[in-house]
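To start, the structure under review is shown below, and the notes come after it.
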Amino acid sequence: MKKISVVIINRSNYARLKPLLIEIKKSKKIKLSIITGSSSILSKYGDASDQIKRDGFKIDYEFYSHLAGENIHSMTKSTGLIILELSTILSKINPNLILISADRFETLATGITASYMNIPICHVMGGELTGSIDEKVRHSLTKLADFHFPNTNRSKKIIVQMGENPKNVFNVGCPSIDLIKSINFKKEVDLNKYSYGRGYRVNLKKKYLTVLIHPDTKKYQENKRLVLETCKALKPIKHPIIWLWPNIDAGADLIAKSVGEYADKNKHMKFNFYKHFEPEDYLKIINGSACLIGNSSSGIRESSYLGVPVVNIGDRQIHRERAKNVIDVKEDYLKIRNAINKQISKKRYKKSFLYGDGNSCKKMVKILEKIIPTSDKKFFIRN
């Protein structure tokens with residue numbers, strides 16, 4: 001059997017790969033091994049390892065690599081620690097292929113490790129343009145990878161433009177759309193099971209907003225302003241707000257502290273804070289909200305298929321392909337507020353198939369079964 005290892009490094013990484021892992025597990029031609037590390041095993045960021053096990057997967061190895069601080073220095077050093085840990089783990093597993101996704105610093109460390117250990121790499125979600133340090137990382141991973149699963153036609157063209165062999169580039173759509181398609185949205189989310197939620201308890205049967213702001217590592221010192229401008233924009237809006245904690249990038253603690261302090265000083269605001277939701281519940285929360293506000297790729301990717309109104313703030317996603325459900329604004333509370341009011345006055349947007357139609361994972365597994373693993377690649381030049 002072909003041995004494929006998948007490295008899970010945070011909550012959204014698992015959520016987006018979950019439907020693909022399910023299909024890989026079904027295959028009689030592939031043996032799956034799962035490695036967890038970084039924030040995926042930290043309670044502070046909503047430990048995803050328990051969820052992985054509840055979903056029926058075996059975690060073969062886990063590693064600790066995160067240096068506290070959530071600044072550019074700790075993030076850089078954490079990248080080095082991942083390389084040290086993974087080199088030992090991968091030498092034990094000795095997989096035929098390693099599957100990585102997106103544009104995280106942890107994923108870059110995985111790509112470096114696999115490349116120097118001559119392990120062929122399959123990269124999911126390559127070729128996309130964003131606006132932060134993530135874009136450099138994503139394109140670096142494209143050059144380290146041997147096989148590519150971009151999620152849009154433009155992304156596929158960009159990967160080929162970067163000198164990758166078109167025969168090894170497969171656009172089958174995004175796995176996260178498959179997860180959306182599998183969900184029963186009529187079954188309500190039970191917020192009571194999330195004991196780490198604090199603040200005003202939102203009634204999901206009534207109109208509410210969802211906020212998710214991640215650090216922009218290129219603008220580390222400006223992350224506080226991003227949060228405060230968003231909070232000021234929300235202050236006169238009467239609808240309750242579900243606010244999810246940021247990811248582990250440099251600036252996360254700054255964001256968490258800033259929003260916490262603002263909430264403490266404005267107790268009349270109906271903030272309900274959560275570290276993490278299970279993948280299906282997270283998508284249900286987004287789907288049920290009148291508007292998703294922040295700078296998460298969820299507003300661009302999953303929300304386009306759901307048709308959820310989105311206010312995207314700042315430059316973190318500035319170059320990413322988006323559907324008509326997104327209004328882009330700068331970090332200015334009046335502009336943010338006006339965009340929110342415009343979006344919550346709408347019902348829904350038409351479903352977009354920009355990132356896939358929900359039938360990606362079976363196609364991906366068929367390709368993975370047929371791939372002849374090789375790390376012997378060269379820059380492809382069209383004649």
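Computed from the coordinates by the stated procedures, all read-outs in this text should not be read as laboratory data. Worth saying up front: this structure is predicted, and the values here are computed from it rather than measured. So basically every Cβ, Gly included, is an ideal-geometry build from the backbone, and we count neighbours across all protein chains shown.
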Between residue 62 and residues 5 or more places away or on another chain, the pairs with built amide H atoms under 5 Å apart involve 36
Debye, to nearest 20: dipole size of the range 191-344, +1 on Lys, Arg Cβ, -1 on Asp, Glu Cβ: 660
Distant-in-sequence amide H partners of residue 3 (H built 1.01 Å from N, under 5 Å): 31, 96, 97
Footprinting proxy, 107, 152: sorted fewest to most Cβ within 10 Å, the residues are 152, 107
Can you tell me the order of 327-339, 162-174 when each peptide is scored by its average per-residue count of other Cβ atoms within 10 angstrom, highest first? 162-174, 327-339
Using each residue's phi in the range 55-60, evaluate 6.51 cos²θ - 1.76 cosθ + 1.60 at θ = phi - 60° and report the 3J(HN,Hα) Karplus result to the nearest Hz, with x for Gly and Pro. 7, x, 9, 9, 8, 7
So, with +1 on the Cβ of K and R and -1 on the Cβ of D and E, and no other charges, what is the size of the charge dipole of the range 119-214 about its Cα centre, to the nearest 20 debye? 560
In terms of modelled amide H atoms, which long-range or inter-chain residues lie less than 5 Å from the amide H of residue 314? 329, 330, 331
Protection-proxy order for peptides 370-381, 10-21, 64-75, 277-288, each taking the mean of Cβ atoms within 10 Å per residue, highest first: 10-21, 277-288, 64-75, 370-381
Here the gain from full extension of residue 28 to residue 187, 0.36 nm per residue of separation minus their alpha-carbon distance, amounts to 54.0 nm
Which number comes out as Rg/Rh for the range 191-344 once both Rg and the Kirkwood Rh are worked out on C-alpha atoms? 0.92
In the range 131-157, whose amide N lies under 19 Å from the spot 7 Å out along Cα-to-Cβ of residue 357? List them in ranges. 150-156
Relative contact order (%) - the chain, alpha-carbon pairs under 8 angstrom, separation at least six: 18
Once normalised by the length of the range 191-344, the mean sequence separation of its alpha carbon contacts under 8 Å that are 6 or more apart gives a contact order in percent of 27
Gain on full stretching of the segment that runs from residue 165 to residue 222 - 0.36 nm per residue minus C-alpha separation: 16.6 nm
Dipole of the chain, Cα-centred, from +1 at each Lys and Arg C-beta and -1 at each Asp and Glu C-beta, to the nearest 20 debye? 1420
So how much slack lies between residue 380 and residue 74, counting 0.36 nm per residue of separation and subtracting their Cα-Cα distance, in nm? 106.5 nm
Order by protection proxy (mean Cβ within 10 Å, highest first), peptides 251-264, 297-310: 297-310, 251-264
Over the range 1-79, what is the mean sequence separation of C-alpha contacts under 8 Å (at least six apart), divided by residue count, expressed as relative contact order in percent? 28
Unsatisfied cross-links (Cα-Cα over 26 Å) in the set 92/193; 29/58; 275/342: 92/193; 275/342
